[in-house]
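The structure appears below as structure tokens.
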Amino acid sequence: MGKILNLLFCILLSNFIISYAQNCSSYSFTNNAIYATCVSLPVQNSHLYWTYHPTNGTVDIAYRHAGVPASQWVAWALNVDGRGMIGAQALVALPSSNGSLQAYTSSVTGYGTTLQQSSLSFGVPVIRAENSNGDVVIYATLVLPGGRTSFNQVWQSGPVSNGAPSAHAMASENRNSLGTVDFVSGVTGAGGAVGGSLLHRRNTHGVLNAVSWGILMPMGAMVARYLKVFKVAHPAWFYIHVACQATAYGVGVAGWGTGLKLGSDSEGIEYTSHRNIGITLFALGTLQVFALLLRPKPDHKYRIYWNIYHASVGYAVIALGITNVFKGLDILDPEKKWKHAYIGVLISLGVIAAILEAFTWFIVLTRKKEEKQQVPPGNGAYASNGYGHGHNQEA
């Protein structure tokens, strides 16, 4: 039994080694270059090869992005003073209209960058790129700054528009395309999601809006529709409804504000439908707040029209809010559990609403039946409000 287990272990180990070798060390470059170290990066099917020269503080590198479409740009960068995209010193491979690759350097200064050609904060005496059987490879020699050998690294790919790099996707792989590299020890590390504080603000924006427009607003509408049928809930249902919707609006305004800040800090990255729905939500929500101040008294002849308007706009806000939450989840692309959790909340609210809807109609129909039974026969419409019976007695 022990021999069988040892054999299985050896087979698994050999498969792992073979698989790793196929990804990294077994690759043959077209110029027959051999590098001292290679690592397979955690996402985007990318690999980094290098040879460090301690005598002059330079490193020869080859960055390989496997299986990338011929129409996409590819970039690998060191971030000398920071982490993530801002401040990255990039090596770029840009496809030309004739199918060749242009290799150049670009210093990234903002999220709206189009990776314009510029010099880096350290020397790059050699740079070139090639496309070999669907793998884009960037070759370069770097003069490492300040005698350092350990840096943060970033790698990306994206579409080309009008001959210039366009914004890359914001899928999970793109947001996690960063880490660390030490050219002496050969150690690399994953760096988590790209963006640092920017990603934190995106998550904050998503949570605030999911809680406000996507959860509290529907709950406030349910309070108004279902609690007011209970006589004991008067007038408490109204104040609960106002408190719930006011809280939702306040949290929603905070979420809307973070969205505006994200938009200004992410120049060149646009989510048009998500933004437009957000603007519409804020406008309709604000309109509801001001409409509350102009609410006619219950016996006013225009109150029925105000009620229709208030309910229509309210349900529109709820529908748009839920739609935009799902659009935001698609943009953030978090772990599946978060989307499933929100769907679970909506299903729970839907089940509760269905039960209360049935119970509400039961109460309303029961009351109408009881009111009909209480009307004395022959008194007609006058008896329905007590006026006819009293009038006859007075007469």
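Of all residues in region 359-390, count the ones that are assigned to a helix (DSSP H, G or I) and at pLDDT 50 or above. Walk me through it before giving the result.
In the first step, residues of region 359-390 are kept if they are assigned to a helix (DSSP H, G or I); the result is 359-374, 380-384, 387-390.
Next, from what is left, pick out any that are at pLDDT 50 or above: 359-374.
Looking only at that region, the number is 16.
Please work out if Gly196 is at pLDDT below 85 and crowded, with 16+ Cβ neighbours inside 10 Å. Steps first, please.
On the way: at pLDDT below 85: yes; crowded, with 16+ Cβ neighbours inside 10 Å: yes.
The answer is yes for Gly196.
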Exercise. With Ala353, Ala311 as the choices, which residue is in the same structural domain as Val229 (by the TED database) and without any contact (Cβ under 8 Å) to a residue 60 or more places away in the chain?
Worked result: Ala311
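For (1) outside any loop (DSSP other than H, G, I, E, B); (2) under 30 Å from Ser150 (Cβ atoms); (3) modelled with pLDDT of 90 or more; (4) touching a strand residue (DSSP E or B) at 6+ places or on another chain (Cβ under 6 Å), each residue gets a yes or a no:
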| site | (1), (2), (3), (4) |
| --- | --- |
| Gly189 | yes, yes, no, yes |
| His200 | yes, yes, no, no |
| Asn209 | yes, no, yes, no |
| Gly220 | yes, no, yes, no |
| Ala254 | yes, no, yes, no |
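Could you list, in sequence order, all residues of region 321-341 that are open to solvent by less than 60 Å² (accessible area, probe 1.4 Å), of a type in the set (A, V, I, L, M, F, W, C) and under 12 Å from the mean Cα position of the chain (by Cα)?
Of region 321-341, the ones open to solvent by less than 60 Å² (accessible area, probe 1.4 Å) are 321-322, 324-326, 328-329, 331-334, 341.
From what is left, the residues that are of a type in the set (A, V, I, L, M, F, W, C) are 322, 325-326, 329, 331-332, 341.
Residues satisfying the conditions are Val325, Phe326, Leu329, Ile331, Leu332.
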Seminar exercise, completed: Given (1) within 19 Å of Asn203 (Cβ to Cβ); (2) in contact with a Leu (Cβ under 7 Å, 6 or more places away or on another chain), Val253 misses just (2)
Exercise. Out of the residues in region 58-73 that are of a type outside the set (A, V, I, L, M, F, W, C) and open to solvent by 40 Å² or more (accessible area, probe 1.4 Å), which is farthest from Gly186 (Cα to Cα)?
Worked result: Ser71
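Per-residue answers, yes or no, for (1) open to solvent by less than 50 Å² (accessible area, probe 1.4 Å); (2) more than 32 Å from the chain's Cα centre (by Cα); (3) farther than 22 Å from Thr149 by Cα:
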position	(1), (2), (3)
Phe29	yes, yes, yes
Asn56	no, yes, no
Ala75	yes, no, no
Arg83	no, no, no
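Residues checked against (1) under 21 Å from Gly220 (Cβ atoms); (2) open to solvent by 60 Å² or more (accessible area, probe 1.4 Å); (3) at pLDDT 90 or above; (4) of a type in the set (Gly, Ala, Ser):
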site	(1), (2), (3), (4)
Leu294	yes, yes, no, no
Pro298	yes, yes, no, no
Trp306	yes, no, yes, no
Tyr309	yes, yes, yes, no
Ser312	yes, yes, yes, yes
Ala319	yes, no, yes, yes
Glu357	yes, no, yes, no
Asn392	no, yes, no, no
Exercise. Does Tyr302 satisfy the criteria of being open to solvent by 50 Å² or more (accessible area, probe 1.4 Å) and within 17 Å of the chain's Cα centre (by Cα)?
Worked result: no
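The values are calculated or read from the model by the stated rules, or taken from the named source; none is laboratory data. Source: prediction; values computed, not measured. Glycine also receives a Cβ, built like all others from the backbone with ideal geometry; neighbour counts cover every protein chain displayed. Just the protein is used for accessible areas: all its heavy atoms, side chains included, with ligands, DNA and RNA removed. Shrake-Rupley method; radii C 1.70, N 1.55, O 1.52, S 1.80 Å.
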